[in-house]
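Notes for the one structure printed next.
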Amino acid sequence: MVNKVLIGGVFNLVHKGHEFFLKRAKELGDYLIVVIASNRTAQLTKKYPVLDQVIRKKNLEKLGIADRVVIGDEADFMNVVRREKPNVIVLGYDQKISEKELEKMLKKEGIDCEIIRIRDELKGYKTSNIIKNKEED
């Protein structure tokens, strides 16, 4: 059986911090699925302009780390979880959802899935900082 790992995020400007996170998540299974936040979701959760979802998807595919990159469901992010049936969901150090909150959602859906939060980060690489530095130039 293939051990599927699922991660999600906006991935606005792909940088070394994202690569670090993707590689760490990939180590946890055989098949890495990355869910890109839709344009609408990204605009609701971020305070800065984002690249179009199709561009963000292509940028992640070019890295060659993920086995599959999909655009998230605006109505309910659990739709992607139901469809992809991951064995592991990986959260990043700065993602807002708590492990317990996600665990409750999965349990309610009858989905048996391990949740792992990667607490490590690659210091100095954060999209908001990159955008801020570009604005100051």
Open item on the list: Need the C-alpha centroid separation for segment 1-56 versus segment 67-113, integer Å.
Closed with: 12
Task: 5 angstrom amide H check on TYR31, placed H, neighbours 5+ away - done: ASN3, VAL5
- [ ] Pull up all non-local amide H partners of LEU91: gap of 5 or more, or a different chain, and H-to-H distance under 5 Å with H placed in the peptide plane.
- [x] ILE116, ARG117, ILE118
Task: Residues with amide H under 5 Å from that of ILE71, placed H, sequence gap 5 or more - done: ILE36
Open item on the list: What is the sum of charges, Lys and Arg at +1 and Asp and Glu at -1, for the other residues whose Cβ falls under 14 Å from the Cβ of GLU103?
Closed with: 0
- [ ] Using θ = phi - 60° and the Karplus relation 6.51 cos²θ - 1.76 cosθ + 1.60, list the HN-Hα couplings for segment 64-78 in order, rounded to whole Hz, with x at every Gly or Pro.
- [x] x, 8, 6, 7, 8, 10, 10, 8, x, 8, 5, 6, 7, 5, 5
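Any read-out appearing in this document is the output of simple, stated calculations on the displayed coordinates, not a laboratory observation. Predicted model only: the values in this text are computed from it and were never measured. Here Cβ is always computed from backbone atoms with ideal geometry, including for glycine, and neighbour counts include all displayed protein chains.
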